[in-house]
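Worksheet: one structure, shown below.
The values are calculated or read from the model by the stated rules, or taken from the named source; none is laboratory data. Just so we're clear, the structure is a prediction, and the values are computed from it rather than from any experiment. Because the Cβ atoms are built from the backbone with ideal geometry, glycine has one as well, and the counts that use them run over all protein chains shown. All accessible areas refer to the heavy atoms of the entire protein, side chains included, with ligands and DNA or RNA removed. Shrake-Rupley method; radii C 1.70, N 1.55, O 1.52, S 1.80 Å.
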Amino acid sequence: MAIENPTRDEIGKILKKAKRIAVVGLSDNPERTSYSVSEAMKEAGYDIIPVNPNVDEVFGVKAVGSLKDIDGHVDIVNIFRRSEYLPDLAKEFDEIDADVFWAQLGVENEEAYRFLKDRGHTVIMNRCIKVEHSLTR
């Protein structure tokens, strides 16, 4: 099974509906891509939840160690981790109340994709959320 993302129109609808984005691997280092992309999404009006056991806070928001530590609903889980971590993150995602599993540009894993699609989840892989947001506004 090849990885098939939603259409650009569908991605635009997802981004217009979403309010809360949990960012797995969000760094507190402004020079990291995860920081700059998440900062842009924050400035666009999204609530950003840092998911990284190695940082205390990012953008003044206390970081959580894992997806399971998040209180409340999450619209998008945006992942800045290497592709080999996606299967474990997919299993954790399946256990929380979240709508969209989004792996950043250059990050994809067919095993994780199949696992999530078989359970009816919306999956986006190998796409930059910041780029997609700017293209679908």
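Just to confirm, what accessible area per residue do you get for the chain at 1.4 Å probe, in whole Å²?
Result: 53 Å² of accessible area for each residue.
Ignoring lysines fewer than eight residues from residue 117 along the same chain, the ones with Cα atoms less than 21 angstrom from its Cα are 13, 17, 68, 91. For the stretch 19-77, DSSP calls about 20 percent of its internal beta bridges antiparallel. Helix content alone sets the calculated 222 nm mean residue ellipticity of the chain: runs of n ≥ 4 DSSP H residues at -39500 (n - 2.57) each, divided across all residues, give -10000 deg cm²/dmol. Once Rg and Dmax of the Cα atoms in Å is worked out from the coordinates, which option in [x] 20.9, 72; [y] 17.5, 45; [z] 13.6, 41 does it equal? Label [z] holds the value from this structure.
Segment residue 4..residue 32, full-extension length gain: 7.3 nm, with 0.36 nm per residue of separation and the alpha-carbon distance subtracted.
Here the accessible area is traced with a 1.4 Å probe on the protein chains. For the chain, carbon and sulfur cover 42 percent of it. Beta bridges assigned by DSSP with both partners in the chain are antiparallel in approximately 10 percent of cases. Counted by Cβ distance under 13 Å from residue 13, the other residues give a net charge of -1, where Lys and Arg count +1 and Asp and Glu count -1. Using θ = phi - 60° in the Karplus curve 6.51 cos²θ - 1.76 cosθ + 1.60, the 3J(HN,Hα) couplings for the stretch 21-26 round to 10, 8, 10, 7, x, 5 Hz; x is entered for Gly and Pro.
With +1 on the Cβ of every Lys and Arg and -1 on the Cβ of every Asp and Glu, and nothing else charged, how large is the dipole of the stretch 1-92 about its Cα centre, in debye rounded to the nearest 20? List each step's numbers first, then the result.
On the way: 13 positive and 16 negative charges, 53 e Å.
So the dipole magnitude of the stretch 1-92 works out to roughly 260 debye.
Once the Cα-Cα distance is subtracted from the 0.36 nm per residue extended length, the residue 131 to residue 99 segment shows a gain of 9.5 nm.
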